1. Taking Gln394, is it more than 16 Å from Lys335 (Cα to Cα), surrounded by fewer than 21 Cβ atoms within 10 Å (Cβ to Cβ) and either in contact with a His (Cβ under 9 Å, 6 or more places away or on another chain) or not aliphatic (A, V, I, L, M) (or both)?
2. Quick one: which of Leu324, Leu347 is over 21 Å from Arg279 (Cβ atoms) and not charged (D, E, K, R)?
3. Quick one: would you say Glu287 is over 20 Å from the mean Cα position of the chain (by Cα), surrounded by fewer than 22 Cβ atoms within 10 Å (Cβ to Cβ) and over 22 Å from Asn182 (Cα atoms)?
4. What pairs come up if the first residue lies in region 89-109 and is assigned to a loop (DSSP other than H, G, I, E, B), the second is of a type in the set (D, E, K, R) and at pLDDT 95 or above, and their beta carbons are under 9 Å apart, counting only those six or more places apart or on different chains?
5. Ser130 is checked against (1) within 29 Å of the chain's Cα centre (by Cα); (2) crowded, with 16+ Cβ neighbours inside 10 Å; (3) at pLDDT below 95 and fails just one. What number does that condition carry?
6. Can you tell me which residue within region 259-283, out of those that are without any contact (Cβ under 8 Å) to a residue 12 or more places away in the chain and more than 24 Å from Ile318 (Cα to Cα), is surrounded by the fewest Cβ atoms within 10 Å (Cβ to Cβ)?
7. Give me a count of the residues in region 146-196 that are farther than 16 Å from Trp212 by Cβ and either part of a helix (DSSP H, G or I) or out of contact with any helix residue (DSSP H, G or I) (no Cβ under 8 Å at 6 or more places or on another chain) (or both).
Amino acid sequence: MESKSSKKLSGVFLLLVGAALFLFGYYLGLPKSSINNKDVASDEFVTKQEVELRSKNQNPSTELMDRDVPLSNRDEEEEVKELTSTKSLEEMLLSAQSETNPIKRSAAFARAFENLNRDNIGQALKAFESLPMGFENMQEYKMLLYSWSQFDPLAAIDYCKTRASGIGAGFATSGVLEGWANRDPESARAWVEDPENAGMAKLYNFGLVKGWANRDLEGATAYVMNLKGGEEVSKLVGILTDRHHREGGFGQASSWAEELPDPKLKEGAFMNLSRTFARDRPEEVAEWLETHANEKYSAKAFENLGRKWSETDPASSIDYFSNLPDGKSQEVGIKSSISNWAKQDPLAAGDWLNERESGPKLDSALAAYANTVSLKDGGAAMEWAISISDPKLQQATIKKVGQEWYRQDKESVETWLPNSGLGEAEQKNIRNPPKKSWWQSMHEK
């Protein structure tokens, strides 16, 4: 493999990353208690129409300030009260919708929803008629549904079903349940457990547990521990882990994760912590995970650590994993680290691989390196793909690298294929690479 390091690779390049966009996104809560007029209200939110309205009620000789200039000699809170008292909730929400500054827009919506109640909910719904319920307006609907859930959650849920269908309505309903559970978790739980709602109960649980954990972490934990399910239950543990971190920091959250008796739930907690902190606090996460090396529940956490740490310091990440005991944790960590290192410094990463003994332990790293290198130099990457010892992994990597090479330099591949030793079917696969989506192409530039 000595000849591989002599291949010069140009530039730093990007791995193909898969991206999936949610139709509506997950609803996060915004409790009323987090909003204060003093925090969000300012004269910067005064619209031109409001200035004109005030001018009619003031002495003509009083000079009005432009909306972008703060009003002097006024108490801010009193000023906001004066302005909002002259406008209906519908008018406030329509005015908020016209705001293009996202910070001002959110603050204006929050201020409007502070006083949402049974008497004015109709005004709010009228203002929302022209606002599509979708991902682009997630923040606005989040606030509406959370506020509505504080006094009539069932009506809010019915509204979700009239504005969306399928999983879109399910995500919206989860937003209602978060607010409902934060106020009355047992009632929200009873609704989720009703047989009529069983079809989307797994999705509803995300809103239920998030709101419940904010109010009663112990109760929410007991609920999750008694659930029967698969991957979605381990993700619910991530919500509990986040809450433990907010209460007592990384130490409390990691200690709680270690004490979980169920391996699947433990895996979810470890994965959540590593995903959250591995990029900005890699040394702390690494020290914590080291005592859990080669445990099944920690495999994904080590993979996250390698991927995130290597984004900022690939050499340190590789060094850490190289010194772990042989096993799965070392393998997945090196694999996830080598890809980012190959993007930043392919020659250094290649030299590091050349210094290692070939064999099954290195195969996954070789495959990751070859796939990354192929985005810029398919011919050089093919040499690394061929060096993989595991037949199945080698075949899969040769196919992927070969297709990338074919996109770059069809003539060179056609010259190489007859003497490659590949079968007719394998050669055909390389000659027919799938078309890339715009998203894939963008992330490879």
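1. No, not satisfied.
2. Being over 21 Å from Arg279 (Cβ atoms) and not charged (D, E, K, R) holds for just one of Leu324, Leu347, which is Leu347.
3. Yes, satisfied.
4. That search, which allows pairs on different chains as well, returns Ser98/Arg105; Glu99/Arg105.
5. Ser130 satisfies every listed condition except (2).
6. Pro261
7. Looking only at that region, the number is 24.
Residues checked against (1) at pLDDT below 95; (2) over 24 Å from Trp341 (Cα atoms); (3) of a type in the set (A, V, I, L, M):
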residue: Lys376; (1), (2), (3): yes, no, no
residue: Asp390; (1), (2), (3): no, no, no
residue: Leu393; (1), (2), (3): no, no, yes
residue: Trp405; (1), (2), (3): no, no, no
residue: Val413; (1), (2), (3): no, yes, yes
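The values are calculated or read from the model by the stated rules, or taken from the named source; none is laboratory data. Please read all numbers here as calculations on a predicted model, not as lab measurements. Glycine also receives a Cβ, built like all others from the backbone with ideal geometry; neighbour counts cover every protein chain displayed.
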